[in-house]
Amino acid sequence: MILDILLALAITAPFARGFAEFELPDITVYEQPDYSYAEAMADRALAQQTAENVCDILSEQLSAAGIDCGKISAEVNISQDGSISINRVAVITEDIGRAAELIRGTLGEETEVVNEGDQ
């Protein structure tokens with residue numbers, strides 16, 4: 001039995017010493033790529049596409065309500081948590097009252113609606 005223990009120690013000793021001296025490489029010395037520019041570009045593209053989609057839907061709704069509208073633009077903000085807010089909608093129309101009522105009914109009462117035709 002003593003010979004078995006000595007044999008086991010003789011076999012495992014080099015592995016034990018090897019693992020004790022083993023070190024993981026320091027990965028902090030490697031530079032991590034900066035993806036912030038690509039992320040900002042993707043966020044801007046998403047906001048632009050969202051604004052276009054919102055304007056298309058609002059244009060269809062105004063048209064269906066019989067409100068003549070020349071141009072619609074929306075300011076879309078996308079926060080870090082992914083929530084979308086539309087704070088301001090600019091339209092060119094003769095009937096800003098009805099257009100604003102319909103837009104606020106769709107997007108929320110806090111949405112600012114301005115008539116670009118007055119500027």
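The values are calculated or read from the model by the stated rules, or taken from the named source; none is laboratory data. Because the structure is a prediction, the values reported are computed rather than measured. When the accessible area is computed, the model is the full protein with side chains, heavy atoms only, and any ligands, DNA or RNA have been set aside. Shrake-Rupley method; radii C 1.70, N 1.55, O 1.52, S 1.80 Å.
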### Task
Take the Cα coordinates of the stretch 55-119, assign each an equal point scatterer, and use the Debye formula without solvent to give log10 I(q)/I(0) at q = 0.23 Å⁻¹.
-0.92
### Query
By how many nm would the segment from Gln80 to Ser63 lengthen if fully extended, with 0.36 nm per residue of separation less the alpha-carbon distance?
2.7 nm
### Query
If the viscosity is 1.002 mPa s and the temperature 20 °C, what translational diffusion coefficient in µm²/s does Stokes-Einstein give for the stretch 33-82 when Rh comes from Kirkwood over Cα pairs?
170
### Task
Find how much the distance from Glu39 to Ile2 grows on full extension, using 0.36 nm per residue of separation minus their present alpha carbon separation; answer in nm with one decimal.
6.8 nm
#### Entry: Ranking by accessible area, most exposed first, for Asp43, Asp34 with a 1.4 Å probe
Asp34, Asp43
